[in-house]
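Trainee: I'd like to ask some things about the structure below.
Every number in this text was worked out from the coordinates using simple rules, so none of it is lab data. If you're wondering where the values come from, they're calculated on a predicted model, not measured in any experiment. Cβ placement follows ideal geometry from the backbone for every residue including glycine, while neighbour counts extend to all protein chains displayed.
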2 protein chains.
Amino acid sequence: MMMMEESDFLSCCGSTKFAKEMMAASPFSSLDQATQSANHIWFNIVDIHGWLEAFGAHPQIGDNSSTANKTRTSAEWSKGEQSTAMATATDSTLQELLEWNAQYRQKFGFVFIICASGRSTSEILAELKKRYPNKPIVELEIAAGEQMKITELRLAKLFTAKGMKTSLS
Amino acid sequence: MMMMEESDFLSCCGSTKFAKEMMAASPFSSLDQATQSANHIWFNIVDIHGWLEAFGAHPQIGDNSSTANKTRTSAEWSKGEQSTAMATATDSTLQELLEWNAQYRQKFGFVFIICASGRSTSEILAELKKRYPNKPIVELEIAAGEQMKITELRLAKLFTAKGMKTSLS
């Protein structure tokens with residue numbers, strides 16, 4: 001069985017506390033077990049500073065030049081997750097997305113987090129506009145939920161990449 | 001009518017954003033109007049960083065030597081708010097409170113916030129133990145609510161100190 005390293009978990013979620021706790025809970029017998037642990041750690045053990053740290057490890061949607069990602073793997077995964085958005089983007093929708101992203105960050109103090117896999121630029125933009133009027137505490141909780149969705153997808157990729165079984169069967 | 005300064009509002013709530021927004025909404029015709037504005041600003045406009053900044057401006061309950069307070073006024077008010085707790089504290093309850101405070105801070109990443117006015121040390125300790133198992137996001141929201149209660153009491157003191165009318169009558 002291949003062992004995971006802290007940097008593997010950091011590629012899934014950019015909170016140092018999350019990665020350390022996942023290491024402490026390792027090894028996992030299956031992806032399902034790892035996902036359960038990840039959920040427990042993210043929502044019950046990682047504090048607000050850890051959440052903000054993880055959010056800060058994401059590039060702004062549409063910003064390929066970002067150095068936010070903590071590992072090369074997470075940079076590659078970010079690019080893959082945003083591939084639908086980028087494929088459907090025009091110069092003007094991309095510009096609008098960048099402007100709304102800046103406005104969002106100005107209001108909430110962290111980057112707009114969305115599980116972008118398979119979503120077009122216009123879908124992402126619509127979601128951003130819908131979430132923008134939220135209270136900061138509400139938006140924080142939604143962002144944390146989206147981060148968890150991203151983490152789950154990335155854990156699956158990690159297990160696949162490491163050649164580990166991804167189900168109990 | 002006496003004018004408020006930014007430092008007056010900062011004494012009520014240690015978020016710089018809060019104080020600036022309160023200044024922008026000034027002058028207030030009554031305490032009631034100021035309280036309404038304060039609630040709106042705190043829950044809708046101040047972001048999570050501002051909440052953490054405000055929490056950080058409180059001394060730990062039982063720690064009189066703290067330099068957390070941003071203004072001399074807020075240091076005096078903290079002392080007054082904790083006077084019941086201090087009057088009812090024994091060496092051992094105070095020690096227990098300090099230990100639980102440290103544990104709380106370790107888990108949540110910010111100091112335990114409670115509107116302490118009129119509460120004994122044992123009441124505060126019981127509340128701390130009750131809140132400790134909460135998820136970070138839940139505790140963040142409770143702490144923000146307690147901060148608002150403290151802010152409301154302090155706004156009333158501020159209006160009294162400035163000789164302004166505290167009701168619409």
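Trainee: Using Cα pairs closer than 8 Å and at least 6 residues apart in sequence, work out the relative contact order for chain A, in percent. List each step's numbers first, then the result.
Mentor: Values: 199 pairs, mean separation 47.7, N = 169.
Over chain A, the number comes to 28 percent.
Trainee: Identify, for chain B, the residue whose C-beta comes nearest the rotation axis onto chain A, and round that distance to whole Å.
Mentor: Here the nearest residue and distance are B:48, 3.
Trainee: I would also like to ask the following. Please check which bits of region B:108-126 a label hung off residue B:90 would reach, taking the label as a point 7 Å along Cα-to-C-beta and the cut-off as backbone N under 20 Å.
Mentor: Hits in region B:108-126 for residue B:90 at 20 Å: B:119-126.
Trainee: Okay, next question. What are the distances, in nm and sorted shortest first, from the label point of residue B:3 to the label points of the same position in each other copy, with each label point placed 7 Å from Cα along the Cα-to-Cβ direction?
Mentor: The projected label point of residue B:3 is separated from its counterparts by 6.7 nm.
Trainee: Now for a separate question. Summarise the partner chain shielding of B:46-56 as one whole number: the mean count of Cβ atoms from other chains within 10 Å of each residue's Cβ.
Mentor: On the way: counts 2, 10, 12, 6, 2, 5, 4, 0, 0, 0, 0.
Other-chain Cβ atoms within 10 Å of each residue's Cβ, averaged: 4.
Trainee: Could I ask something else about it? Please list the helices of chain B that count as membrane-span-like by this rule: a mean Kyte-Doolittle hydropathy of at least -1.0 together with Cα atoms stretching 20 Å or more along the helix axis, each helix being a complete DSSP H run. It would help to have the intermediate numbers written out before the result.
Mentor: Working: long enough: B:91-108 (25 Å, -1.14); B:136-161 (36 Å, 0.45).
The qualifying helices are B:136-161.
Trainee: Take chain A, connect every pair of alpha-carbon atoms lying under 10 Å apart with a spring to form a Gaussian network, then pick out the residue of A:130, A:157, A:17 with the largest mean-square fluctuation.
Mentor: Top of the fluctuation ranking is A:130.
Trainee: Sorted from shortest, what are the nm distances separating the label point of residue A:130 from equivalent points in the other copies, each placed 7 Å from Cα along Cα to C-beta?
Mentor: Once sorted, the set of distances for residue A:130 reads 3.7 nm.
Trainee: Treat every Asp and Glu Cβ in region B:1-125 as -1 and every Lys and Arg Cβ as +1, leave all other atoms uncharged, and give the resulting dipole magnitude about the Cα centre to the nearest 20 debye. Don't skip to the answer; put the middle values down first.
Mentor: Working: 8 positive and 14 negative charges, 30 e Å.
For this selection, approximately 140 debye.
Trainee: Could you work out how far the C-alpha centroid of region B:115-163 sits from that of region B:7-60, in angstrom?
Mentor: 15
Trainee: Return the Rg/Rh ratio of chain A with Cα-based radii and a Kirkwood Rh.
Mentor: Values: Rg = 15.9 Å, Rh = 16.4 Å.
That ratio equals 0.97.
Trainee: Apply the a/c threshold of 1.5 to the C-alpha gyration tensor of the protein assembly as shown and tell me whether it is rounded, prolate or oblate.
Mentor: Values: a/c = 3.18, a/b = 1.53, b/c = 2.08.
Oblate, since a/c reaches 1.5 and b/c is not below a/b.
Trainee: Can you tell which of B:138, B:111, B:46 shows the greatest fluctuation in a Gaussian network model of chain B with Cα springs below 10 Å?
Mentor: Of B:138, B:111, B:46, the most mobile in the Gaussian network model is B:138.
Trainee: Here's a follow-up. Based solely on its DSSP helices, what 222 nm [θ] is calculated for chain B when runs of n ≥ 4 H residues each add -39,500 (n - 2.57) and the sum is averaged over all residues, nearest 500 deg cm²/dmol?
Mentor: Numbers: 9 runs with 107 residues, N = 169.
Calculated at 222 nm, the ellipticity per residue is -19500 deg cm²/dmol.
Trainee: In which sequence would A:127, B:99, A:146 go, from the one with the fewest C-beta neighbours within 10 Å to the one with the most? Walk me through the numbers on the way to the answer.
Mentor: Working: A:127 16, B:99 10, A:146 19.
Taking fewest neighbouring Cβ atoms as first place, the list is B:99, A:127, A:146.
Trainee: Taking every residue in B:136-143, how many Cβ atoms of other protein chains lie within 10 Å of its Cβ, on average?
Mentor: On the way: counts 11, 9, 2, 2, 6, 4, 0, 1.
Taking the mean over all residues of the peptide, I get 4.
Trainee: Still on this model: Put the label 7 Å from Cα along Cα→Cβ for residue A:90; what are its distances to the other copies, in nanometres, shortest first?
Mentor: For residue A:90, the other copies' label points sit at 7.6 nm, shortest first.
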